[in-house]
1. In the range 103-123, is there at least one residue being modelled with pLDDT under 95 and open to solvent by 50 Å² or more (accessible area, probe 1.4 Å)?
2. Take the residues in the range 215-240 that are among the β-branched types (Val, Ile, Thr) and surrounded by fewer than 24 Cβ atoms within 10 Å (Cβ to Cβ); name whichever of them is farthest from Ala145 (Cα to Cα).
3. What pairs come out if I take residues in the range 418-432 that are within 14 Å of Ala392 (Cβ to Cβ) and pair them with residues that are at pLDDT 95 or above and of a type in the set (S, T, N, Q) whose C-beta lies under 8 Å away, six or more apart or interchain?
4. Given Phe11, Phe63, which one is assigned to a loop (DSSP other than H, G, I, E, B), among the aromatic types (Phe, Trp, Tyr), out of contact with any strand residue (DSSP E or B) (no Cβ under 9 Å at 6 or more places or on another chain) and at pLDDT 50 or above?
5. Would you confirm whether any residue within the range 286-296 is at positive phi, at pLDDT below 75, in a loop (DSSP other than H, G, I, E, B) and within 20 Å of the chain's Cα centre (by Cα)?
6. Working only within the range 386-430, note down all residues that are of a type in the set (Val, Ile, Thr) and crowded, with 22+ Cβ neighbours inside 10 Å.
7. Report, by residue number, each residue of the range 252-285 that is at pLDDT 95 or above and within 18 Å of Leu69 (Cα to Cα).
Amino acid sequence: MKRNIKVITSFLLLTLIGLVISCEDELLNQTNPNALSTESFWQDEEDVRQAVVGAYSPMSTIFGWGRYLPFTWFRRADEFTPSFENVRVRGIIVDPADIFLPNQWPEAWRLIFRCNDILDNVDTVPDLDATVRDQAAGQAYFLRALYYFYLVNAWDNPPLITTAAVGESISEFPQPNSNPTAIYEQIINDAQAAKNLLPTSWGDELGRATWGAATALLGKAYLYTEQWSEAATQFKEVIDSGIYDLDPDYANNFTEAGDNNIESVFEIQHTSEDGIGWSSDQVNSSRSSVFLQLRAPEAFGGEWIDQVNPWILDAFLSENNNDGEIDLRAYTTVAWNNPLSTIYLDQPFSESVLDQTKIYPKKNTGMLTPGRENDGDLGTNSGQNFKLIRYADVLLMHAEALNEAGGSEGDVLLSINSVRQRANMPDIPTGLSQSQLRDRIRMERILELSLENDRFFDLKRWGVVVDRMTGNADKLGNLGASSDQIRAAGHPEENFPFSDVHTRVPFPIAEIQSNPLLEQNPGY
């Protein structure tokens, strides 16, 4: 059994350490001798260990990457035709009252507040070994930077809070909107601090943030703020470190057997040993990768009812590999009516009950796991991890940053062709302009990274998200549904045309109501 950082929630109450509501009534001011406080908790190395484990905890929960977080952060791109059927979960979240936002929003802050607690208090622990202190702080810096990265890309202007909640009144707690510039500055500072403090490896303690993860995240923050040379430098450090490589088997990245493989730069740890547990802070629960169930086709226990838009398959079919066959990554990414395309238990797609005219997602559905039967509830007993940063992405981001910085064509091609060679695709020829290379890099991101993490964010940072989403007729056509039919199903807010309003997620209505300083995103 793999030994990794267990996402138990032994650090349940640290989110609110020091938050004391002042009250004149002595009855309400009684001290609970069993409650954690800054005075009783930060005493020794074991407290620090529990604090760090607790900081990782929200990542794997039902309301984190374990199930619902991708609704807000990953599933809004032009890759999918979102489900629209009545009583089904929504596709593109554009409603401040959406039932899923109040779960994902606080889960992010739970992690950030725990990181703030660590950074505010780890230096106060008596006689703490300097290495333990630095590594605890490094992990907190990394996790805080990672979550702010996703918050700023999803919401644009969330609050920026970098200290623990220690005010004497809860009225001091609400914070106003920040802005992308300030948040990215914080992300870069945190990622740099993490890079300076973290080791390159934790041995068999898999899942902890490392130097490589922090360096890749720092490069990504520079990339998203168009600091091209700085981004290229960070990615090159990861490449030159020799720590990572491409897994010879592309599909292995999306199976439980491929958890923490050589291509993994950072991934969220899941286990099949514990049940679902809807309460995020129940000890030893909420640690299985329930996202498989949501991604699976409806006929096999899935809930999202997503199909993949045909242009994704067309991209794979547009170029043959060195053996004259289609790009073999297609068979890992999607399932469609083709003699070689399979689903669960290697059953041919053409012989399955799935709609033969549709294209279905294959990554993160359990289809790629050998012997994986459909048990009607695919996510409840899976330990498949969720990869957030893998080495192939680092190579492609390096190629992009270097190309935008005006770097040498040879170095740009070296990174992108490394990814293509693993897929047995021919090298991209020399003699291309910067613009032509840009197009090839963006196409390679489709072929290598489709249905994973950052497509919507890519479109947004490239300034093409509105055109791509509005111009993608397959959003409706793949389901054979008209706009009127979608309205009739009860989801008029998911209609197109897609506009600039939809490039950011609305703040949950409950948060707007409870925080008078927070302004709703424009258009909601």
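The values are calculated or read from the model by the stated rules, or taken from the named source; none is laboratory data. Here the structure is a predicted model, which means the values were calculated and not measured. Ideal geometry is used to build each Cβ from the backbone, glycine not excepted, and the neighbour counts take in all protein chains shown. Ligands, DNA and RNA are stripped out before the accessible areas are found, and what is left, the full protein with its side chains, is counted by its heavy atoms. Shrake-Rupley method; radii C 1.70, N 1.55, O 1.52, S 1.80 Å.
1. yes
2. Step one: of the range 215-240, the residues among the β-branched types (Val, Ile, Thr) are 215, 225, 233, 238-239.
This time we only want the ones that are surrounded by fewer than 24 Cβ atoms within 10 Å (Cβ to Cβ), so: 225, 233, 239.
On the way: Thr225: 14, Thr233: 19, Ile239: 21 Å.
Looking at the filtered set, the residue picked out is Ile239.
3. Ala423/Asn321; Met425/Asn321; Met425/Asn322
4. Details: Phe11 fails: at pLDDT 50 or above.
Step by step, each of Phe11, Phe63 is checked, and only Phe63 is assigned to a loop (DSSP other than H, G, I, E, B), among the aromatic types (Phe, Trp, Tyr), out of contact with any strand residue (DSSP E or B) (no Cβ under 9 Å at 6 or more places or on another chain) and at pLDDT 50 or above.
5. So the first thing to find is which residues in the range 286-296 are at positive phi, and the list is 286.
Then drop every residue that is not at pLDDT below 75, which leaves 286.
Now drop any that are not in a loop (DSSP other than H, G, I, E, B), which leaves 286.
Checking which are within 20 Å of the chain's Cα centre (by Cα) leaves us with 286.
Yes; the residues of the range 286-296 include at least one that is at positive phi, at pLDDT below 75, in a loop (DSSP other than H, G, I, E, B) and within 20 Å of the chain's Cα centre (by Cα).
6. We begin by selecting, within the range 386-430, every residue of a type in the set (Val, Ile, Thr); these are 389, 394, 412, 416, 419, 428, 430.
If the condition is that a residue be of a type in the set (Val, Ile, Thr) and crowded, with 22+ Cβ neighbours inside 10 Å, then Ile389, Val394, Val412, Ile416, Val419 are the ones that fit.
7. Matches in the range 252-285: Phe266, Glu267.
Condition check ((1) assigned to a helix (DSSP H, G or I); (2) among the small types (Gly, Ala, Ser); (3) under 28 Å from Thr162 (Cα atoms); (4) touching a His at 6+ places or on another chain (Cβ under 7 Å)) across all residues:
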position: Gln186; (1), (2), (3), (4): yes, no, yes, no
position: Asn189; (1), (2), (3), (4): yes, no, yes, no
position: Asn196; (1), (2), (3), (4): yes, no, yes, no
position: Leu218; (1), (2), (3), (4): yes, no, yes, no
position: Ala221; (1), (2), (3), (4): yes, yes, yes, no
position: Thr233; (1), (2), (3), (4): yes, no, yes, no
position: Val238; (1), (2), (3), (4): yes, no, yes, no
position: Asp245; (1), (2), (3), (4): no, no, no, no
position: Val265; (1), (2), (3), (4): no, no, yes, no
